[in-house]
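The values are calculated or read from the model by the stated rules, or taken from the named source; none is laboratory data. This one's a predicted model, so the numbers in the text were calculated from it and none came from an experiment. Cβ atoms come from the backbone with ideal geometry, glycine included; neighbour counts cover every protein chain shown.
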Amino acid sequence: MLFWGWGRGSVHRQVSPDTTVLRTYRYVSLMVVFTVTWGYEYALSTLTPHGWATRPVSAVEARGLLGGQDLQPHWWRRWSLVVGLGAVALLVAFVR
């Protein structure tokens, strides 16, 4: 069983048949279930005859391409480690 880990992840939304907006992030996980994410960056991937070409874009440009919407990982992926540690702290406080 994997107890803890870290790495990079991404979420994406296709805005046209040949264009995708990506949001990459870094994460730390505990027991694969509890994670926290940070270090968000946007990128734009465009399909070319040679494959996908990716370039970084600003948050303003990415939101414009997404129609004003924000592209975030699921809240559990973003904050579950904080929620889990808070639950453990409450449990310890009430047991005493």
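Exactly one residue among S29, S45, S80, S10 is in a helix (DSSP H, G or I) and among the polar types (S, T, N, Q), and that residue is S80. Residue pairs whose Cβ atoms lie under 6 Å apart, separated by 6 or more positions or on different chains, with the first residue in the range 34-60 and at pLDDT 95 or above and the second among the acidic types (D, E), are L47/D18. Pairs meeting the criteria (first residue in the range 70-87 and within 16 Å of E41 (Cβ to Cβ), second residue polar (S, T, N, Q) and surrounded by fewer than 17 Cβ atoms within 10 Å (Cβ to Cβ), beta carbons under 8 Å, at least 6 apart or on different chains) are R78/Q72. How about the range 45-79: which of its residues are surrounded by 15 or more Cβ atoms within 10 Å (Cβ to Cβ) and either in contact with a strand residue (DSSP E or B) (Cβ under 7 Å, 6 or more places away or on another chain) or within 10 Å of T20 (Cα to Cα) (or both)? Matches in the range 45-79: S45, V57, A62, L65, L66, L71, P73, R77, R78, W79. Scanning the range 48-77 for residues that are farther than 28 Å from G5 by Cβ and either among the acidic types (D, E) or part of a strand (DSSP E or B) (or both) turns up T48, G51, A53, R55, V57, E61. The residues in the range 1-44 that are among the small types (G, A, S) and either surrounded by 12 or more Cβ atoms within 10 Å (Cβ to Cβ) or touching a Pro at 6+ places or on another chain (Cβ under 8 Å) (or both) can be counted, and the count is 5.
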